[in-house]
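Nothing in this text is a laboratory measurement; each read-out follows from the coordinates by a stated rule. Keep in mind that what you see is a predicted model, and the values were worked out from it rather than measured. Cβ atoms come from the backbone with ideal geometry, glycine included; neighbour counts cover every protein chain shown.
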Amino acid sequence: GILDDFCPRLVLLGEERTCMPEYFLNYAERIKNFEVKNDDVWVASYPKTGTTWTQEMVWMIANNVDFKAGEEPLHTRFPFMELSSLFDQKKLFHAMNADLSEQEADSYELAKNMKSPRFIKTHLPFFLLPDQIKNGSKTPKIIYVSRNPKDACVSYYHHGRLLEGWRIDLESFAKVYMADKVAYGSIWKHIFGYWEKRNSLNILFIKYEEMKANLPAVIKRAAKFLEKQLTEEQIKLLTQHLSFESMKNNKAVNIEDFVDKLKKSNFPMEDGAFIRSGIVGKYKEELSPETIKRFDGWIRKNVAGTSFEQEYN
Ligand code: A3P
């Protein structure tokens, strides 16, 4: 069926046996040896934690809040390094009648060949990043965004039902999620992998919840980190540009065209949008009380003895 054609099996990688799509095996070595540049800007995150939002913020800050230039689609301004390893992209584009050249279809090449300064998105756990980042021989700026796993899980579920043809129900998915049996593995190992390196490497660590609570403050922190001066007026305009409503209606970031094409190709998908709800604590309306309880126990277990103890209750 259509899903068997596009959705890969998961393989286990590294000491921590992190789940990754099997096609990633075709990329692992190339990414390990990827030539990093000191003026690269990377946004790293676990899926569904506010990556797109962070990318748009970072790109705008780095490009002097140039709304005109920002009309170019985010996925070419800020390519997603390992996107092509998540499914059989060629087959999928073929089925969608998308006329993408080979070059454009290979996300790795897109990131590699980008004109500097390059902007690169990745969901890879720290241990799968290029060697040059891990050993500190290159020092690109990395912005890592994290989010309450309960909200990220619900968001991941809707993402899968919208874009990956999943049929699973939310309660079952939450179990799979807490067993770390999803692409990119455990959200906790992912967060801690970057958190532990934040002082030794060039990593700015931000949280989705902070962006919701005080976006201008996060913009200022990110601008300082990126060594950019923004005027109060620019911060005000950027805050508006990054609002949920504005992002939802922004064709350069909402992948509406892609979703429409997927719909037209009769891909099995739930109704919905990529920029979906954007609310902190929305999980309370979607997860059962029992699952929330299990989640809380799972979170307590994972954060015990770390600085995340007071987070994400
Ligand atoms: P929800 O599914 O909870 O709405 P990612 O970009 O990592 O895939 O993260 C997607 C999540 O970020 C989605 O969460 C999406 O709605 C939310 N998001 C995107 N833009 C946002 C914005 N401007 N403000 C708040 N949330 C946003």
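Below are the figures for this structure:
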item: Counting all C-alpha pairs of region 2-303, share separated by more than 27 Å (%); result: 40
item: Placed amide H near E16: partners under 5 Å, 5+ positions off or other chain; result: none
item: Amide H within-cut-off set for K207, under 5 Å, with H built and near neighbours excluded; result: S146
item: For the chain, built as a Gaussian network whose Cα springs stay under 10 Å, the top-fluctuating residue of H94, H190, H241; result: H94
item: Euclidean distance between Cα centres, region 250-313 to region 29-49, Å; result: 23
item: Cβ-Cβ FRET estimate between K282 and V11, R0 fixed at 41 Å, reported to 0.05; result: 0.80
item: Loop GluC sites (Glu not before Pro), region 223-313 (other Cβ atoms within 10 Å of the site Cβ: 13 or fewer; DSSP); result: E227, E270, E309
item: Residues S243 and E270, FRET efficiency given R0 of 30 Å [Cβ-Cβ distance, rounded to 0.05]; result: 0.75
item: Value of relative contact order over the chain, rounded to a whole percent, pairs C-alpha under 8 Å and six or more apart; result: 25
item: Principal semi-axes in Å for region 99-178 [√(5λ), Cα gyration tensor, largest first]; result: 30, 20, 10
item: Environment charge of I191, counting only residues whose C-beta is closer than 12 Å and scoring Lys/Arg +1, Asp/Glu -1; result: +3
item: Spin-label pair E72/L25, simplified geometry with 7 Å Cα→Cβ offset, distance in nm; result: 3.6
item: I168-F308 pseudo-label distance in nm [points 7 Å out on the Cα-to-Cβ vector]; result: 1.9
item: Rg(Cα)/(2.2 N^0.38 Å) for region 239-313, N = residue count; result: 1.55
item: Given charges at beta-carbon only (K, R positive; D, E negative), |dipole| of the chain in Debye; result: 700
item: Rounded to 5, percent antiparallel among DSSP beta bridges of the chain; result: 20
